[in-house]
């Protein structure tokens with residue numbers, strides 16, 4: 001067993017950490033409290049070349065390795081939640097094209113996404129269809145050489161700022177999971193309204209796209225009709241592990257903040273780090289972070305090594321890492337006491353930001369259900 005990064009992975013980690021601390025951290029508060037994609041942040045990610053890690057080599061990227069995605073997300077999320085979102089959405093929004101698109105589609109869309117000239121979005125969730133994807137109501141009907149989309153989506157990251165949307169809709173409502181297809185919809189298409197923004201407890205570029213007799217060329221379908229669920233699950237299977245990596249990054253930031261504050265804060269004539277109750281908290285944080293990292297990079301390594309599916313391992317990683325990070329952030333705030341509640345404090349922002357990670361791309365409850373089903377099949 002080898003638990004170390006390769007020289008290339010170590011170099012990538014150092015590069016991203018340096019970029020995050022020197023270029024992103026100065027604008028992190030401004031970006032992370034914005035409900036729109038921060039252009040300055042996207043420019044930094046684009047110029048650094050990091051966005052290329054979300055696109056295959058043959059289409060302008062550096063190739064998609066889950067381990068690299070995890071390394072990048074961990075270091076970005078440690079400093080800025082929006083930097084993490086902007087980065088990974090380029091991959092999540094474009095991967096269905098990488099996975100099932102035609103050569104023309106790949107050549108048209110992927111190079112711009114790799115260079116940051118275009119912003120990508122992944123439009124799967126609906127107001128009444130989150131975990132229960134099959135219940136989606138958005139439909140796409142074929143009329144001659146066009147598809148006509150009607151319906152709405154919800155909780156779509158980067159909606160309103162994205163140029164290229166991967167949209168899932170029913171093309172055969174009677175066929176259940178085999179009646180859903182995936183499409184490419186470009187910003188500005190008549191009948192497509194992506195102007196409605198959402199307000200979350202932690203600022204996030206997110207919205208509710210609406211399709212009203214939205215006509216797109218027939219060639220904008222990704223793969224064949226009915227392959228939408230395969231493309232969606234293939235995308236989530238690849239990217240779910242990276243959610244755990246983002247959680248580890250946030251947990252690391254909270255742990256570092258608690259460690260520093262507990263050393264500096266004096267109470268009853270001594271540093272509060274001298275009190276056993278806080279030492280226990282710090283010890284639990286460190287153990288949880290190490291365990292979460294191991295689960296994440298184990299799943300990433302399996303995927304990169306060619307294991308056909310990592311459904312169980314990815315669910316292990318996401319479930320444990322997101323719940324562990326939530327506990328770490330909560331305990332870090334407790335160590336900070338009243339100072340942790342003050343607006344503008346990093347731990348206050350982390351407390352609001354971490355909550356979403358146990359929900360998106362499969363709630364903790366769905367992860368447990370998925371794990372149990374895999375165990376029972378085995």
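Every read-out reported here was derived from the displayed coordinates using simple, explicitly stated rules and does not represent laboratory data. Since we're looking at a predicted model, the values are computed, not measured. Here the Cβ is made from the backbone with ideal geometry for all residues, glycine too, and neighbour counts use every protein chain on show.
Set the Förster radius R0 to 41 Å, insert the Cβ-Cβ distance between residue 199 and residue 1 as r into 1/(1 + (r/R0)^6), and round the FRET efficiency to 0.05.
0.35
Measure off 7 Å from each Cα along the Cα-to-Cβ vector at residue 283 and residue 172, then give the distance between these two points in nanometres to one decimal.
The modelled label-to-label distance comes out at 6.0 nm.
Taking the chain as a Gaussian network, where each spring joins two C-alpha atoms under 10 Å apart, which residue of 120, 253, 286 fluctuates the most?
Of 120, 253, 286, the Gaussian network model singles out 286 as fluctuating most.
Just to be sure I understand the model, the point goes 7 Å from the Cα along the line to the Cβ. What's the resulting residue 27 to residue 308 distance in nm?
So the label points at residue 27 and residue 308 sit 4.6 nm apart.
List the relative contact order of the chain as a percent without decimals, with contacts defined as Cα pairs under 8 Å and 6+ residues apart.
Value for the chain: 15 percent.
Taking the chain as a Gaussian network, Cα atoms linked when under 10 Å apart, which of 315, 177, 157 shows the biggest mean-square fluctuation?
Top of the fluctuation ranking is 177.
Stokes-Einstein diffusion coefficient for region 125-164 at 10 °C in a medium of 1.306 mPa s, Rh from the Kirkwood formula over Cα pairs: what value in µm²/s?
Once the numbers are plugged in, D ends up at 136 µm²/s.
Whole Å is fine, so just give me how far the alpha carbon centre of region 255-293 lies from that of region 143-202.
So the two Cα centres are separated by 46 Å.
Can you classify region 226-378 as rounded, prolate or oblate using the Cα gyration tensor, where a ≥ b ≥ c are the square roots of its eigenvalues, rounded means a/c under 1.5, and otherwise it's prolate if a/b beats b/c and oblate if not?
Prolate shape, in that a/c is at least 1.5 and a/b is the bigger ratio.
Equivalent-ellipsoid semi-axes (√(5λ), Cα gyration tensor) for the chain, whole Å, largest first?
37, 21, 20
On the Cα set of region 122-226, report Rg and Dmax in Å, please.
Values for region 122-226 (Cα only, Rg and Dmax): 13.1, 44 Å.
Can you grab the distance from the C-alpha centre of region 214-239 to the C-alpha centre of region 316-340, Å, no decimals?
Using only Cα atoms, the two centres lie 36 Å from each other.
For the chain, what is the mean residue ellipticity at 222 nm derived from helices alone (per DSSP H run of n ≥ 4: -39500 (n - 2.57); sum divided by total residues; nearest 500 deg cm²/dmol)?
When only DSSP H runs of four or more count, the value is -17000 deg cm²/dmol.
May I ask you to sort 316, 3 by Cβ crowding, counting other Cβ atoms within 10 Å and putting the fewest first?
So the ranking, lowest neighbour count to highest, is 3, 316.
Report the full-extension gain for the segment residue 102 to residue 360: residue separation times 0.36 nm, less the Cα-Cα distance, to one decimal in nm.
90.0 nm
Please give the contour-minus-distance gain from residue 150 to residue 369: 0.36 nm per residue of separation, less the Cα-Cα distance, rounded to one decimal in nm.
Full extension from residue 150 to residue 369 adds 75.7 nm.
Which of 366, 88, 347 moves most in a GNM of the chain, Cα contacts under 10 Å?
366
Determine the gain in length on full extension of the stretch residue 35-residue 14; use 0.36 nm per residue of separation and subtract their C-alpha separation, reporting nm with one decimal.
So the chain would gain 4.6 nm between residue 35 and residue 14.
With viscosity set to 0.890 mPa s at 25 °C, what whole-number translational diffusion coefficient in µm²/s follows for region 7-118 from Stokes-Einstein and a Kirkwood radius over Cα pairs?
175 µm²/s
Measure out, as a whole number of angstrom, how far apart the alpha-carbon centroids of region 1-40 and region 44-103 sit.
If we compute the Cα centre of each part, the gap is 12 Å.
Taking a label point 7 Å from the Cα of residue 265 along the Cα→Cβ vector, which residues of region 313-349 have an amide N closer than 17 Å to it?
It comes to 327-349, nothing else.
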